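Since every read-out is calculated from the coordinates, none of them should be taken as a lab result. Computed from a predicted structure; not experimentally measured. Here the Cβ positions follow ideal geometry from the backbone for every residue, glycine too, while neighbour counts run over all protein chains shown.
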Amino acid sequence: MEKTFVMVKPDGVQRGLIGEIVSRFEKKGYQLVAAKLMTVSQELAEKHYAEHKEKPFFGELVDFITSGPVFAMVWQGQNVIAGARQMMGKTNPADAAPGTIRGDFGISVGMNIIHGSDSPESAEREINLWFGEQELINYDKTINKWIG
Ligand code: RTP
Ligand code: MG
């Protein structure tokens, strides 16, 4: 089953949005595989955002993501990588549709509440970067029978 890495960023944690975000993913029908509240080291932040190393906002991005606790998660389900990105909405909350997490709760592109892997390759890389294999919980959930 497809898996993706999703993270409530420091602004989302500070604004009390962990529950709202977890709830949306649960109600959609995705299955929670792993979750932890954690602080992010400079090294982990730089590895996570390595693709943006040359961008002018890289420093700000790393400073922001290391500025306070984040809530890191792995979710699984059919097409969950693309599905999670749909639920998050566009990168800039100003462009994100109402009904999406960024559209409903975000204001600025720098603090846009949530991260989600953007491809199967990113998902694999990010899950392995943020979680150890023993942290990924394999269990049956009967809802899988009802969502096909
Ligand atoms: P994310 O990686 O956080 O899930 O966001 P994303 O895929 O939608 O966007 P991405 O292009 O990967 O950019 C990563 C994060 O960098 C910040 N950003 N700032 N100032 C800017 O123009 C700018 N552009 C991107 C955003 O916080 C974005 O989430
Ligand atoms: Mg991205």
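At a glance:
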read-out	value
Computed Kirkwood radius, in angstrom, where 1/r is averaged over Cα pairs of segment 78-124	10.7
Spread of Cα-to-Cα distances over 10 Å intervals beginning at zero, given as percent, for segment 23-100	16, 35, 42, 7
Packing-based ranking, highest mean first, of 18-29, 84-95 given that Cβ atoms within 10 Å are counted	84-95, 18-29
Sites Asp104 and Ile147 - FRET efficiency at Förster radius 22 Å, r taken between beta-carbons, to 0.05	0.40
Alpha-carbon Rg/Rh ratio, for segment 34-148, with Rh computed the Kirkwood way	0.98
Histogram of C-alpha separations across segment 13-54, 5 Å bin width, %	5, 17, 17, 17, 19, 19, 6, 1
Greater than 21 Å apart at Cα, pairs in Lys9/Lys53; Lys9/Lys145; Lys47/Lys90; Lys9/Lys55	Lys9/Lys145; Lys47/Lys90
